[in-house]
Number of protein chains: 2
Amino acid sequence: MKKLVFGVDIGGTNTAFGLVDEAGDIYAESVVPTKKFLYFDDYPAFVVELCESMRRLMDSLSFEFNLLGIGIGAPNGNFHKGTIEQPANLWKFKPDEPNKDESRRLFNLTADMGKYFPSIPILLTNDANAATIGEMVYGNAKGMKDFIMITLGTGLGSGFVANGEMIYGHDGFAGEFGHTTVEKHNGRKCGCGRTGCLETYVSATGIKRTVFELMSKMTEPSEMRDISYNDFDASMVSAAAAKGDPIALEAFRFTGEMLGRALADAVVITSPEAVFLFGGLAKAGKFLFEPTKWYMEENMLAVFKNKVKILPSGIEGKNAAILGSAALIWQTQKA
Amino acid sequence: MKKLVFGVDIGGTNTAFGLVDEAGDIYAESVVPTKKFLYFDDYPAFVVELCESMRRLMDSLSFEFNLLGIGIGAPNGNFHKGTIEQPANLWKFKPDEPNKDESRRLFNLTADMGKYFPSIPILLTNDANAATIGEMVYGNAKGMKDFIMITLGTGLGSGFVANGEMIYGHDGFAGEFGHTTVEKHNGRKCGCGRTGCLETYVSATGIKRTVFELMSKMTEPSEMRDISYNDFDASMVSAAAAKGDPIALEAFRFTGEMLGRALADAVVITSPEAVFLFGGLAKAGKFLFEPTKWYMEENMLAVFKNKVKILPSGIEGKNAAILGSAALIWQTQKA
């Protein structure tokens, strides 16, 4: 009988899920609007709607199959506990909530879903780790034992693989490379409450901040000067760079410098075979890859020079997140 | 029959080796003076003397035993290849050597020793990684799956363990945390040819450099002002700090700040249960541990706060290096 797994990607706007086979083919997929369940009290209803939607998707298939497991990628997902802990954009307290103790915002998602899917293995990790395992199972990291995945979205996520295994760490939260401090002095404010974190420079939001800083420092004309901060989207930097816009080109050079320097420091720890760049900003191609590679090599300890590849992800596209989450289960089948 | 392994620690001055059982008891030990074999051309004679001395040590035991393997810790040791590659203080070219191509300084030590110990497994890694495995097998990291070892000697060595396994990396050289860049601007010159590396601040040499910088910046009297740079030893800073010397206390505070900040950045990658401090400088105890812990927590991403212990090594003492190297073999017996 055909074997399938569920890949579930929980995002702040939508939760996408699909039934995936070992080759990475998606047989059916659907979406639950996460943003309908904005508040803390909405979480139980979210679990019900998600699980019932998943059941309906299973029923929609016209053939018999074995469901081997459910893999979930979620912000602040804890692999060891199967929980989502204090997510920034999910199930927040209502403004009038009397008890805003953040430690209550700990959601036992795998246990809660287990009631709807008894005896089905359910694994959960954060979205960047899910993408990392997706890269290992379906993407360009096939066969690699040591690599780093960098996911560039609103923030910077990462996954580190060593000895062929995902590094989850003692508490299940390893791989927060976006929060390595790259500017000790006068660094940008970060959503995490600290300053100078890598993701304040290297991410969709980071390059937008860089463009606005450069507009104040440089005098060159740029079509980006006609757009307000709130209307600005990181894809506009790629478009401007393609036309030779000097501010956009400098923004990419600077972004690559920050990422390349940070990678040179990460390489001394895990000595990877390759670093994969995934997500919207990585689509800028050479504008991002070239300065990143150059500054990484320029700052690299001699023993690691010219050894570490910087490569595009092999699982880009709208289904990358579902594939990555599904790969959580497929990976256990291979062990 | 009793089972023993050889632990071999290759240093620039001496190579120490001993016959060790699974409990970490050393049955016999001896030394070959590495510094007698200073130059590139002396390497073959070093191998002969080391192997013959090891044979004699085996013959000196009055009981029968099985030799299960030979574990070696060496500077620039490559675990995957069993080689020592371009070591800074071993087998250098003579000043009059006509061909100073550094790539020739690649020593196939496990293969060369294998001729004297046929069919005995021989494993080699760098000295910090050997200490790390020693901590795991014999020391305070027993049972830990995720931890970081920091070895403080002339430089700063490190070993990272994740999922219960040593991270050697793709090329076998992972764990060079001493060469993470902690000062982007005006950093101290490092022996690696770059500037601002962690070990230029946090190591026996690093704290000595700090003391001399502080003597220029501060006006307080200090008995350390009577000692020349060349006569100065890092242990003098501990002695002065114990007497309340303000320069020594500030030197430890600064050293702990640099180490604590760097550890906060390393924690986001591997999320360890504990960080072990090993080696001479770690003997300063609270003078080093307290500021390190304080600055690590101060700079820590919220999710990791108050989770990571900073602990002394459990394998300190003159035989730590032999035990660490022996543990390389014992670890494979447990898998």
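Each Lys and Arg contributes +1 and each Asp and Glu -1, all at the Cβ; summed about the Cα centre of the stretch B:144-312, the dipole is approximately 160 debye. When the Kirkwood hydrodynamic radius is evaluated over all pairs of different C-alpha atoms of the stretch A:273-335, what value in angstrom, to one decimal, is obtained? Evaluated over the stretch A:273-335, this radius sits at 13.7 Å. The lysines within cross-link reach of A:Lys100, meaning a Cα-to-Cα straight distance under 16 Å and a gap of 8 or more places when in the same chain, are A:Lys92. Here chain B was treated as a single set of alpha-carbon atoms; its pair distances binned every 20 Å from 0 give 30, 55, 14, 0 percent.
Residues of the stretch A:153-190 falling in the label zone of A:Ala88, defined by backbone nitrogen less than 15 Å from a point 7 Å along Cα to beta-carbon, are A:153-158, A:176-181, A:188-190. Here the protein assembly as shown is assigned +1 on the Cβ of each Lys and Arg and -1 on the Cβ of each Asp and Glu. Its dipole about the Cα centre then comes out at about 160 debye.
Separation of the stretch B:256-278 from the stretch A:34-97 is 34 Å, based on Cα centroids. Here B:Gly164 yields copy-to-copy label distances, from shortest upward, of 1.5 nm, the label point defined as 7 Å from Cα along Cα to C-beta.
Expressed as a fraction of 2.2 N^0.38 Å, the C-alpha radius of gyration for the stretch B:184-261 is 1.07. Sorted from nearest, the other copies put their A:Leu61 label points 5.8 nm away, the label point being 7 Å from Cα in the direction of Cβ. Its Cα centre serving as origin, chain A has a Cβ charge dipole (Lys and Arg +1, Asp and Glu -1) of approximately 340 debye. Highest mean first, the peptides B:187-197, B:218-228 sorted by other C-beta atoms within 10 Å per residue fall in the order B:187-197, B:218-228.
Mean partner shielding of peptide A:49-62, defined as the number of other chain Cβ atoms within 10 Å of each residue Cβ, is 0.
If you plug the beta carbon distance of B:Ser53 and B:Ala239 into 1/(1 + (r/R0)^6) with R0 = 51 Å, you get a FRET efficiency near 0.90.
For the protein assembly as shown, the convex hull drawn through the C-alpha positions has a volume of 202 cubic angstrom per residue. With a Förster radius of 35 Å applied to the beta-carbon distance between B:Trp294 and A:Lys217, the computed FRET efficiency rounds to 0.45.
Based on DSSP H segments of at least four residues, each scored -39500 (n - 2.57), chain B has a per-residue ellipticity at 222 nm of -10500 deg cm²/dmol.
Taking the square roots of five times each eigenvalue of the Cα gyration tensor of the stretch B:144-312, the equivalent ellipsoid has semi-axes of 28, 17, 14 Å, listed largest first.
In a GNM of chain A with a 10 Å cut-off on Cα contacts, which of A:Glu297, A:Glu52, A:Glu85 has the highest mean-square fluctuation? Highest fluctuation of the listed residues: A:Glu52. Counted by Cβ distance under 13 Å from B:Pro291, the other residues give a net charge of -1, where Lys and Arg count +1 and Asp and Glu count -1. For the peptide A:264-277, the mean number of other protein chain Cβ atoms found within 10 angstrom of a residue's Cβ is 6. Computed on the Cα atoms alone, the convex hull of the stretch B:21-125 gives a volume of 112 cubic angstrom per residue.
Against chain B, whose longest principal axis comes from its Cα atoms, helix B:320-334 is set at around 60 degrees. Quick one: among B:Leu198, B:Leu57, B:Leu90, which has the greatest mean-square fluctuation in a GNM of chain B with alpha-carbon springs under 10 angstrom? Checking each option, the largest mean-square fluctuation is seen for B:Leu57. Within the straight-line cut-off of under 13 Å between alpha carbons, the aspartates and glutamates reachable from B:Lys243 are B:Glu223, sequence neighbours fewer than 8 places apart in one chain being disregarded. By the scheme Lys and Arg +1, Asp and Glu -1, what is the net charge of all other residues having a beta-carbon under 11 Å from that of B:Asp42? Net charge in that neighbourhood comes out at +2. Calculated FRET efficiency, A:Lys100 to B:Lys145, Cβ-Cβ distance, R0 = 35 Å: about 0.50 to the nearest 0.05. Kirkwood radius and radius of gyration were both taken over the C-alpha atoms of the stretch B:173-214, and their ratio Rg/Rh is 0.97.
Sorted shortest first, the separations between the A:Gly285 label point and its copies elsewhere in the assembly read 6.3 nm; each point sits 7 Å from Cα along the Cα-to-Cβ line.
Summarising the strand pairing of chain A, around 55 percent of its internal DSSP beta bridges are antiparallel.
Counting only other chains, what is the mean number of Cβ atoms within 10 angstrom of the Cβ of each residue in peptide B:297-306? For peptide B:297-306, the averaged partner shielding equals 4.
Bear in mind that the values in this text are calculations on the coordinates, not laboratory data. Everything numeric here is computed off the predicted structure, so don't read it as measured data. FYI the Cβ positions are ideal-geometry reconstructions off the backbone, even for glycines, and counts take in every protein chain you see.
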